[in-house]
Each structure stands twice: as C-alpha cells, then as structure tokens.
Amino acid sequence: IRKESGDAGIQVTSDTGIAGLTVGRESNTSNTNNAEFRYGGGSGAPYSSAQSLDIINYGTGNFNYHISANNPGAAEGDYHWHKGINSGKLMTLTNTGRLGIGETQPNETLTVSGVCTISANSFVGGNFFVDGNTTIGGDVSIGGNLIIPSINTDITGNLTGSVFGNVN
C-alpha cells in the first residue's frame, strides 16, 4: 500500500475481541511456528489486558531487533522505551550496546540512574568503586588484605587479629 501524499492505513480491528495479525510457517492455528502482533489481551499472558499490545513469538527462536541492518557501521539510532507521548525516556539501549535505566545517554555498559535494589547475590569481577556513604547491614568477609590509607574518625567494636601501622 502506497499513497503519494496524505495518510494511508491498514486496520485490523475488533469491536469487542482480540485484533491480531499472524505471520509464520504453518497452515493451521496451532501457534507453534508463527508470531502474532495483537491488541486486546489474550489467555496465558498475565500482563495482557483489553488495552494491551502484545508481540508474541510462538516459536522457539529469538526475537531480533536490528538497528540499521543494511549498514550497521553507520547506525545512529538507539532503542528507547517511553511512557506516554512527549515524555521522558524510561530506558535506552544505544547502538553501541550501552543500557541506561533512567538514563538516556549511558556512558558505561550499564548505567542506572536512581535507587537500585538487588535482592540476591551480586558479583563484581573487577574493581569496585563507591562514591558517597556506604552502609553494610551484615558481616564483611575479606579474602585478601584490607588496606585503608587513613581513618579520621572513631572506630567502635571488637578486634580479633593484628593491626599494623600507626594508631593515634
């Protein structure tokens, strides 16, 4: 469908049920080798409602999103998640592979702007830098040496082991 000027459109709509467009490699509706773009909810999708847009891959393969597929070296676009029209971006995945949550121009592989809660284990495979105050609510186990250049405050607690350096 092409129109030289003005708007052009295709509608797949339903007054009361699901409106869907299915593409795939099967001649029936067993939903094993196809994908569906649908509006209006559906069974088996707990976050889908009568006002939800669903993109569903019924097959076992990937869901791929390609930025600048014909010239990836010149890709300029990013992938943005928005809430509403003309509002701030919720999340951005840049064309260089950087993910920003609450940040639209991340400078690192992962940038989170705001409070971050991690409810399970967290592993850091390189250096770990903390800027600001730190509160630790449990035990601290150190597998190597703890080197503190200076402490300019009182320390309260029990010490088992040796202390090397100057104590004033």
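Put the Cα centre of region 6-54 next to the Cα centre of region 113-128 and the gap is 38 Å. Averaged over residues, the count of other Cβ atoms within 10 Å places the peptides 142-149, 9-16, 27-34, 66-73 in the sequence 27-34, 66-73, 9-16, 142-149, highest first. Entry comment: accessible area of the chain is 91 Å² per residue, from protein heavy atoms only and a probe of 1.4 Å. Using all pairs of distinct alpha-carbon atoms, the Kirkwood hydrodynamic radius of region 124-168 works out to 13.8 angstrom. In angstrom, the C-alpha Rg and Dmax of region 64-163 are 21.0, 65. At the listed q of 0.09, 0.12, 0.16, 0.18 Å⁻¹, the Debye profile of the chain, built from one uniform point per Cα, gives log10 I(q)/I(0) equal to -0.64, -0.92, -1.30, -1.42.
If you bin all the Cα-Cα distances of region 7-68 at 5 Å, starting from zero, the percentages per bin are 4, 15, 22, 22, 22, 10, 4, 0. Restricting the trypsin sites (Lys or Arg not before Pro) of region 47-130 to loop positions (DSSP other than H, G, I, E, B) with no more than 14 neighbouring Cβ atoms within 10 Å leaves 83. When a 1.4 Å probe is rolled over the protein heavy atoms, the share of accessible surface on the chain that falls to carbon and sulfur comes to 48 percent.
The values are calculated or read from the model by the stated rules, or taken from the named source; none is laboratory data. Every value quoted in this text rests on a predicted model; they were computed, and no experiment measured them. No Cβ is skipped: glycine too gets one built from the backbone with ideal geometry, and neighbour counts run over all protein chains shown. Heads up: the accessible areas ignore ligands, DNA and RNA and are worked out on the full protein's heavy atoms, side chains in. Shrake-Rupley method; radii C 1.70, N 1.55, O 1.52, S 1.80 Å.
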